[in-house]
Structures are given as C-alpha cells and as structure tokens.
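Engineer: Got a structure for you, written out below as structure tokens; questions coming shortly.
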Amino acid sequence: MEGPVISISRFSQAPIPTHNGNLTVVVYREEGRRTEEREHVAIVAGELDALRSAEPVLARVHSECWTGETLGSLKCDCREQLNSSLAAIEAAGRGVVVYLRQEGRGIGLGNKIKAYALQNEGADTVEANEQLGFAADLRSYEIAAAILRDLGIASVALMTNNPDKCAGLEKAGIQVASRVPHWGGPNEHNRDYLAVKKTKLGHHA
C-alpha cells in the first residue's frame, strides 16, 4: 500500500551574503509523508526569474551530511562537494543547489552513526547499511524535482557522479541535459568510501 502523496510548499526566502557571493535561500516545507514537516532548501545564484529558461540550469541535488558539513568528518567528501557546487553556481552567475534533508543516504543520523560503528569493525558503507536492515541507498529525488519545477526549471546540467540521481530526476520529470563530474578530494579516511561508490553503487569515475 502506497503512502500519502508528498507535497511541498514554498515557505520563505531571502538573499544571504556568503563566502560564495550573494545567494538566495528558498525554504520549502514537505508535507504528507510524516506527521512532522521537513524543511528542504534551494540555494540560488543569480535572479530567481533567470532560472525560468529553456536553457539547462547548472544544478546540484545534495543530501544533508551533518557529520561532514558541520563536524568536518573526513570519512566522506560531502563537505567538499557542497562547497564546490556553491562556488560553481556563483561563478556561473546562474544556478541552484537543492539541499535535501535525507541524512546518511536516507537512513537518518542515528542509524548513520550505527553504520559508522560497523565500518570501524570492517564493513564498508554498503555492507553497514545492509547489516542494519536498510538498502544501500534509500534516498528519493521526487522532492528535488518538485523544488526544481517550482523554480521554473525543467532541464539541468547536473553536478553529480551518481547515475541513480540522474535517473531519479528524469523519472520525476526533470530533464538531465548533461552530467557534470563532481568529486570531492580523497584522503586516507575516505578512500575506501569513494572506491565503494564506484564499485558497488555504480558512480561514474
């Protein structure tokens, strides 16, 4: 039995000066899946009206990573990917980063830390999720597609290495006109993580 239809509404927006220039933050509230509302964010470079064009918009769909982005964990490349995507849309003068609240490939922060504990015992990222009873990746991109449509975007040049992300957006009605390779920097703590993305999750090199 399918759950209730997920919907979003634009809740607030404002320009914010950042290290990557002046960006507009648009907050969306998700309704329908849970009793509580989740807030997702579109971070926009350039004028909002400029996104409404037949030309593909430079975009990234980025999932929340508290451990990497706030704590500065070296176990992933999420912080580098977020920072470089923000810099890229600012440099282009037009673009969007859709920031989704789906921590740990969709399993949540608490389960992500459980997965980290299993990784410390020798499991890789996919094996850890499976040992906890989850699929390797539970993320969905329907919300991202809804946000892009609300912004007037029908076609994107997507900054990603993840073929499932491209397929998810296409299935939800957003054309992925091109894929822009988007890796963060490797280090001694995340080399195995990056390798598993390629070998087990099919991410492009």
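The values are calculated or read from the model by the stated rules, or taken from the named source; none is laboratory data. Everything numeric here is computed off the predicted structure, so don't read it as measured data. Using ideal geometry, Cβ is built from the backbone for each residue, glycine included, and neighbour counts are taken over all protein chains shown.
Engineer: Name the residue that is modelled with the lowest pLDDT, counting only residues in segment 1-10 that are under 20 Å from the mean Cα position of the chain (by Cα) and either surrounded by fewer than 12 Cβ atoms within 10 Å (Cβ to Cβ) or not charged (D, E, K, R) (or both). Quick ask: steps written out before the conclusion?
Structural biologist: Going through segment 1-10, the residues under 20 Å from the mean Cα position of the chain (by Cα) turn out to be 6-10.
From what's left, either surrounded by fewer than 12 Cβ atoms within 10 Å (Cβ to Cβ) or not charged (D, E, K, R) (or both): 6-9.
Numbers: I6: 67, S7: 82, I8: 89, S9: 92.
Only one residue fits best here, namely I6.
Engineer: Let me ask something else about it. Can you tell me which residue within segment 89-123, out of those that are β-branched (V, I, T) and closer than 16 Å to E64 by Cα, is surrounded by the fewest Cβ atoms within 10 Å (Cβ to Cβ)?
Structural biologist: Among residues in segment 89-123 that are β-branched (V, I, T) and closer than 16 Å to E64 by Cα, the one surrounded by the fewest Cβ atoms within 10 Å (Cβ to Cβ) is I113.
Engineer: Okay, next question. Please go through segment 47-68 and pick out each residue that is small (G, A, S) and either in contact with a helix residue (DSSP H, G or I) (Cβ under 8 Å, 6 or more places away or on another chain) or assigned to a strand (DSSP E or B) (or both).
Structural biologist: Hits for segment 47-68 are A59, S63, G68.
Engineer: Could you please let me know if T35 is β-branched (V, I, T), in contact with a Lys or Arg (Cβ under 8 Å, 6 or more places away or on another chain) and at pLDDT below 90?
Structural biologist: Answer is no for this residue.
Engineer: Taking V44 and the conditions (1) assigned to a strand (DSSP E or B); (2) surrounded by fewer than 17 Cβ atoms within 10 Å (Cβ to Cβ), which numbered condition does it fall short on, given that it satisfies the others?
Structural biologist: Among (1) assigned to a strand (DSSP E or B); (2) surrounded by fewer than 17 Cβ atoms within 10 Å (Cβ to Cβ), V44 violates only (2).
Engineer: Do any helices (runs of 4 or more DSSP H) lying entirely in segment 69-186 carry at least 1 residues that are among the hydroxyl-bearing types (S, T, Y) and at pLDDT 85 or above, and which ones are they? Outline the logic, then answer.
Structural biologist: Values: elements: 78-92, 109-120, 125-131, 142-150, 163-171.
The helices (runs of 4 or more DSSP H) meeting that bar are 78-92.
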